[in-house]
Amino acid sequence: MFIKRFKNLAAFKPYFKKHIKLIIILISVMLIASSAGVITSYLLSEQLIGITNELVSHTLKFTLIIMVVITIHHINWYLWSKFHYRLSSKVSSDIKNGIVANLLDTKYSYIRENSTGYYLERLNDVDEIATFIGNVAGTFVDVLTNFSFLILIYFLSWQLGLFFTIGVSMLFIIESIKVNTDLRNLEEVKKSSEKTNSHFSEIIHGMKDIKGFGIKEEINLKMKDYNDELLRKTYKKNTQFEFISRIGTYFQWVIDSLLVFISILWLLPAGEISVIVLLIVFNYKGLMYETVGFFSKLKGYYVNGDYYSKRVLEIIKTPYKETFGGNSKNIKEGKISIRDLSFSYGDKRILKEINLEIEPNTLNVLVGSSGSGKSTLFFLLSKLYDIDKGSIYFDNIDINDIDEKTFRKNICIVNQEPFIFNDTILNNILVVRKDANKDDVIKACRLANIHDEIEGMEKGYDTLINENSSNLSGGQKQRIEIARAYLKDCKILLLDEPTSALDSLNQEHLFKTLTKMKSNKTILVIAHKLNDYSYFDNVYDIKKLS
Ligand SMILES: Nc1ncnc2c1ncn2[C@@H]1O[C@H](COP(=O)(O)OP(=O)(O)OP(=O)(O)O)[C@@H](O)[C@H]1O
Ligand SMILES: [Mg+2]
């Protein structure tokens, strides 16, 4: 039932199960540490009895035993932290790898809807889950150690035992309220933090436009608003936490005072307890209050762990997974058939019953005004979006029947806004084909008419591209993307406005190369307006395909 209540947290069981040996060691270490702690509370009371009754050998004996037990306790605490960190770093890395793998399997259309902050914050949440078992085990040591003292009090006086049971239970209620309030506030802080992170990431990526349009102040003001909101929520979280903590501490003083009243007015005069018992209880009652703190910490680990798990599961268990078929038959000819294809973004209809047959080994161009749905059609052809109505066939195989590997091997897209990774030029191109070498890359770059420019750079192919590829020109980025497509060598090649950043010489070079390539490929190019359509076997106007 307990597990069911925290079902989000329970979903991460497999990640911990993998490291079961480490968990067993961790729990063993914890049990030794807590046993030592349990004995200590008994030993301390014996030591105090020795001191107050001036029993020298009794006191010395128990002091020595305490030293040994405390040494064992601390060694095991150290071992606990060592194994705790080892376990949590392994689990954290497994979950993070899982998140990335899942993200890569998620539909592009869904990923596009969320902000960078949404994903980044969730990646940070993983550590809160990974430390769960170690934290719980560690706190358990504290709980057991200190809880044993409550039992000891029952042995000394059942009245005081009962008194503390009631007092400590009420303290626990206050602590529970603290944990629940803190979680509610945490949810708000997280949401706000996602917004701030996303905007900060936008500032870094949009720096060119921010400066270019002179909108520093506006952007800064927006950031200030987000930051203020975050600070307000964090302030609320911290102050409420402190307020309830204070109530808890105040309540401890109330319990202390009541203890004095009960003892002085009733228990001592009635001979129910001795002064020594009262001294022992007074000396170590702090341990019991700590226990309540540990209980609330434990509850916090569960409640927060479950909350963080829910957030991380939203990415891992997203229902928006890409779906592919099981047909691994190679696309040998490269025929494209689009039949009655319709697509809408929400209520907004973009493509309406489009029909198009493209024959193998031809070079084709698709034209149309801005916003007419050309890129959308390419997203559908490359399975970045799912078809609403109608169908697409490659060599008469339904797009949805083709398996992922076969699909990505045979159908490639050169994007309108290519993404160049923060890596060397060589690796940026090599990444598209595992079995390729530098010579293959050079060959592709020659075809893309960028080889000479790369060679002219200080470090040639080893030149590092900045995170925003700001050390490349628009045309160079585009030609690197084209070189990738050449290296990948797909049967069906889709190019979304590959010439938008190219000068007329480069445009011509591209079309000449594509003309040579069409002998074993089907090529479809999107273009706004060209001076020369003579390279193309067919020119299609998207408006006329409906
Ligand atoms: N994710 C989206 N959600 C809602 N509407 C979208 C989305 N992506 C594109 N659109 C809209 O769909 C229409 C078609 O966009 P698309 O990018 O396919 O046009 P395009 O023909 O490629 O234009 P361009 O020539 O300017 O690149 C546009 O009106 C655009 O605003
Ligand atoms: Mg477009």
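Unpartnered cysteines of the chain (Cβ-Cβ under 4.7 Å counts as a partner)?
Within the chain, the cysteines lacking a partner Cβ under 4.7 Å are 445.
Defining a contact as two alpha carbons under 8 Å apart and six or more residues distant in sequence, what relative contact order in percent does the chain show? Walk me through the numbers before you get to the answer.
Details: 722 pairs, mean separation 85.3, N = 546.
Dividing the mean separation by the residue count of the chain yields 16 percent.
Place the peptides 372-379, 188-195, 268-275 in order of packing, highest mean first, counting for every residue the other Cβ atoms within 10 Å and averaging per peptide. It would help to have the intermediate numbers written out before the result.
On the way: 372-379: 20.9, 188-195: 19.1, 268-275: 12.2.
Ranking, from highest mean packing down: 372-379, 188-195, 268-275.
Can you compute 3J(HN,Hα) from phi for each residue in segment 332-345, using the Karplus curve 6.51 cos²θ - 1.76 cosθ + 1.60 with θ = phi - 60°, rounded to whole Hz and x for Gly and Pro?
3J(HN,Hα) across segment 332-345, in whole Hz: 8, 8, x, 7, 10, 10, 10, 10, 6, 7, 10, 7, 10, 9.
Which length gain, in nm to one decimal place, applies between residue 339 and residue 97 when the Cα-Cα distance is subtracted from 0.36 nm times their residue separation? Don't skip to the end; give the middle numbers.
Numbers: separation 242, 0.36 × 242 = 87.12 nm, distance 3.94 nm.
Difference between extended and current length: 83.2 nm.
Evaluate E = 1/(1 + (r/R0)^6) for residue 443 and residue 534, where r is the Cβ-Cβ distance and R0 equals 22 Å; express this FRET efficiency to the nearest 0.05. Walk me through the numbers on the way to the answer.
Values: r = 27 Å, r/R0 = 1.21.
Plugging the Cβ-Cβ distance into 1/(1 + (r/R0)^6) gives 0.25.
Ranked highest first by the average count of other Cβ atoms within 10 Å around their residues, in what order do 284-294, 343-353 fall? Don't jump to the answer; show the numbers that get you there.
On the way: 284-294: 19.6, 343-353: 12.9.
Ranked from most to least packed, the peptides come out as 284-294, 343-353.
Calculate how large, on average over all directions, the projected area of the Cα convex hull of the chain is; give the answer in nm² to one decimal. Write down the numbers at each step before the final one.
On the way: hull surface 138.4 nm².
Over every viewing direction, the Cα hull of the chain projects on average to 34.6 nm².
Distance from the Cα centre of segment 435-504 to that of segment 89-137, in angstrom?
Each part reduced to its Cα centre gives a spacing of 33 Å.
Using the structure shown, select from 434/521; 216/543; 224/297; 191/299 the pairs with a Cα to Cα distance greater than 30 angstrom. Intermediate values should be presented prior to the final figure.
Numbers: 434/521 21 Å; 216/543 41 Å; 224/297 34 Å; 191/299 23 Å.
Correct reply: 216/543; 224/297.
Select from the chain the helices, each a whole stretch of DSSP H, whose alpha-carbon atoms run 27 Å or more along the helix axis and whose Kyte-Doolittle mean is at least 0.5; answer none if there are none.
Values: long enough: 20-52 (48 Å, 1.78); 56-104 (71 Å, 0.53); 132-156 (36 Å, 1.69); 158-205 (68 Å, 0.03); 216-262 (67 Å, -0.43); 275-316 (61 Å, 0.55).
Membrane-span-like by this criterion, though nothing is claimed about a membrane: 20-52, 56-104, 132-156, 275-316.
Give, to the nearest whole percent, the P(r) tail of segment 336-545 beyond 31 angstrom, counting all Cα pairs.
Details: 4340 of 21945 pairs.
For segment 336-545, the share of Cα pairs beyond 31 Å comes to 20 percent.
For residue 544 and residue 71 in one chain, what is 0.36 nm times their gap in residues minus the Cα-Cα distance, to one decimal in nm?
Numbers: separation 473, 0.36 × 473 = 170.28 nm, distance 8.44 nm.
Extending this stretch completely gives an extra 161.8 nm.
What number, rounded to the nearest 500 deg cm²/dmol, is the helix-based mean residue ellipticity at 222 nm of the chain, given -39500 (n - 2.57) per DSSP H run of at least four residues and division by all its residues? Spell out each step's value before the answer.
Values: 19 runs with 348 residues, N = 546.
Value at 222 nm, helices only: -21500 deg cm²/dmol.
When only Cα pairs under 8 Å and 6 or more residues apart are kept, what is the percent relative contact order across segment 336-545?
On the way: 352 pairs, mean separation 66.5, N = 210.
32 percent.
In whole angstrom, how far apart do the alpha carbon centroids of segment 227-300 and segment 514-546 sit?
Between the Cα centres of segment 227-300 and segment 514-546 lies a distance of 78 Å.
Separation between the residue 173 and residue 61 pseudo-spin-labels, each 7 Å from Cα along Cα→Cβ, expressed in nm?
Modelled inter-label distance: 4.5 nm.
For 385, 15, give me the order by solvent-accessible area with a 1.4 Å probe, most accessible first, ignoring ligands, DNA and RNA.
Values: 385 25, 15 50 Å².
From most accessible down to least: 15, 385.
Identify all aspartates and glutamates with a Cα-Cα distance to residue 17 below 15 Å; exclude those on the same chain that are fewer than 8 residues away in sequence.
Candidates past the 8-residue exclusion: 94.
Which part of segment 135-163 falls in the paramagnetic zone of residue 268, meaning amide N under 19 Å from the point 7 Å along Cα-to-beta-carbon?
Once the point is set 7 Å along Cα→Cβ of residue 268, 156-161, 163 turn out to lie under 19 Å by backbone N, inside segment 135-163.
List, in the order given, every pair from 329/488; 7/321; 374/409 whose Cα-Cα distance in the structure shown is over 29 Å.
none
Once fully extended, how much extra length lies between residue 209 and residue 242, figured as 0.36 nm per residue of separation less the alpha-carbon to alpha-carbon distance?
7.5 nm
The values are calculated or read from the model by the stated rules, or taken from the named source; none is laboratory data. Computed from a predicted structure; not experimentally measured. Don't worry about glycine lacking a Cβ; one is built from the backbone with ideal geometry, like all the others, and counts go over all protein chains shown. Heavy atoms of the whole protein, side chains included, go into the accessibility calculation; ligands, DNA and RNA do not. Shrake-Rupley method; radii C 1.70, N 1.55, O 1.52, S 1.80 Å.
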